[in-house]
Amino acid sequence: MKTLVAYFSAGGTTARVAGEIASAVGGDLFEIRPQTPYSVADLDWTDKHSRSSVEMNDSGCRPPLAESVGDLSAYDTVFIGFPIWWYTEPRIVDTFIDEAHLSGKTVIPFATSGGSGISGAEKRMKTLCPEAHWKPGRLLNGGRATFWAEEAVNPASK
């Protein structure tokens with residue numbers, strides 16, 4: 001069984017957690033990067049005209065990826081990591097889900113957040129690809145990522 005850990009990280013926190021998960025499960029890493037990188041001004045959630053605010057106010061927005069995710073046929077399991085924005089996943093993650101062809105794969109979300117939970121993102125992501133086998137996600141702000149990831153991939157091992 002081959003595992004991919006795909007992640008979007010705006011400030012490095014989610015990237016760190018993704019690296020821990022990939023190490024724990026022997027997975028490959030794929031960074032979900034926007035074609036046009038986000039600037040500090042783009043990420044200013046207090047500015048209703050910032051790029052992130054405009055994207056998050058449009059549920060159909062799909063910012064283009066810097067690179068294609070490519071063929072995922074070799075992967076059985078895909079972790080998808082992201083920071084929580086406006087109680088859900090950033091629209092760039094939606095672009096990844098739309099392009100990744102996740103039907104029939106086991107998909108496990110994880111997130112980082114300063115105060116929001118992951119449940120809104122889980123619910124929304126499932127609607128984007130209902131043909132995937134979604135496992136419960138986890139908010140991973142500090143520690144326990146390794147243990148959780150190992151158990152998520154192989155629950156019988158614990």
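With contacts defined as alpha carbon pairs under 8 Å and 6 or more residues apart, what's the relative contact order of the chain in percent? Working shown, then result.
Numbers: 289 pairs, mean separation 38.4, N = 158.
For the chain, the relative contact order is 24 percent.
Which value, in nm² and rounded to one decimal, describes the direction-averaged projected area of the C-alpha convex hull of the chain? Walk me through the numbers on the way to the answer.
Details: hull surface 34.4 nm².
The number I arrive at for the chain is 8.6 nm².
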- prompt: Relative contact order, percent, of the range 28-68 when contacts are C-alpha pairs under 8 Å separated by at least 6 residues?
  reply: 46 percent
query: When the distances between all Cα atoms of the range 101-158 are binned every 5 Å from zero, what whole-number percent does each bin get?
result: 4, 18, 26, 22, 19, 10, 1
Principal-axis tilt of helix 91-100 within the chain, Cα atoms, nearest 10 degrees: 40 degrees
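Based on other C-beta atoms within 10 Å, arrange ASP71, ASP44 from fewest to most.
Ranked by crowding around the Cβ, least crowded first: ASP71, ASP44.
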statement: Residue span THR46 to SER103: 0.36 nm per residue of separation minus Cα-Cα distance leaves a gain in nm of 16.9 nm
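When Rg is the radius of gyration of the Cα atoms in the range 36-94 and Rh is its Kirkwood radius, what does Rg/Rh come to?
For the range 36-94, the value is 1.03.
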- request: Identify which of GLY137, GLY60, GLY26 has the largest mean-square fluctuation in a Gaussian network model of the chain, with springs joining Cα atoms closer than 10 Å.
  value: GLY60
Whichever lysines have a C-alpha closer than 26 Å to that of LYS2, once near sequence neighbours (fewer than 8 apart) are set aside: LYS105, LYS123, LYS126, LYS135, LYS158
- line: Final fewest-first order of THR36, THR95 on the 10 Å Cβ neighbour count is THR36, THR95
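At 0.36 nm per residue, and after removing the present C-alpha to C-alpha distance, how many nm does the segment from THR127 to GLU31 gain when stretched out fully? Walk me through the intermediate numbers first.
Working: separation 96, 0.36 × 96 = 34.56 nm, distance 2.25 nm.
Going from the current span to full extension adds 32.3 nm.
Out of the GluC sites (Glu not before Pro) in the range 1-98, which ones are loop residues according to DSSP with at most 15 other C-beta atoms within 10 Å? List each step's numbers first, then the result.
Working: sites: GLU20, GLU31, GLU55, GLU67; in loops: GLU67.
Passing both the DSSP loop test and the Cβ count: GLU67.
How much of the DSSP beta bridge set in the range 3-157 is antiparallel, as a percent to the nearest 5?
Numbers: 2 of 22 bridges.
Looking only at bridges with both residues in the range 3-157, the antiparallel portion is about 10 percent.
Suppose every Lys and Arg Cβ carries +1 and every Asp and Glu Cβ carries -1, with no other charges. What dipole size does the chain come out with about its Cα centre, to the nearest 20 debye?
Its charge dipole is roughly 420 debye.
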message: Using all alpha carbons of the range 76-131, what is the percent of pairwise distances in each 5 Å bin, ordered from the shortest bin to the longest?
response: 4, 20, 35, 24, 12, 4, 1
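Bear in mind these aren't lab numbers, they're just calculated from the coordinates by the rules spelled out. Bear in mind the structure is a predicted one, so any value in this text is a computation, not a measurement. Here the Cβ is made from the backbone with ideal geometry for all residues, glycine too, and neighbour counts use every protein chain on show.
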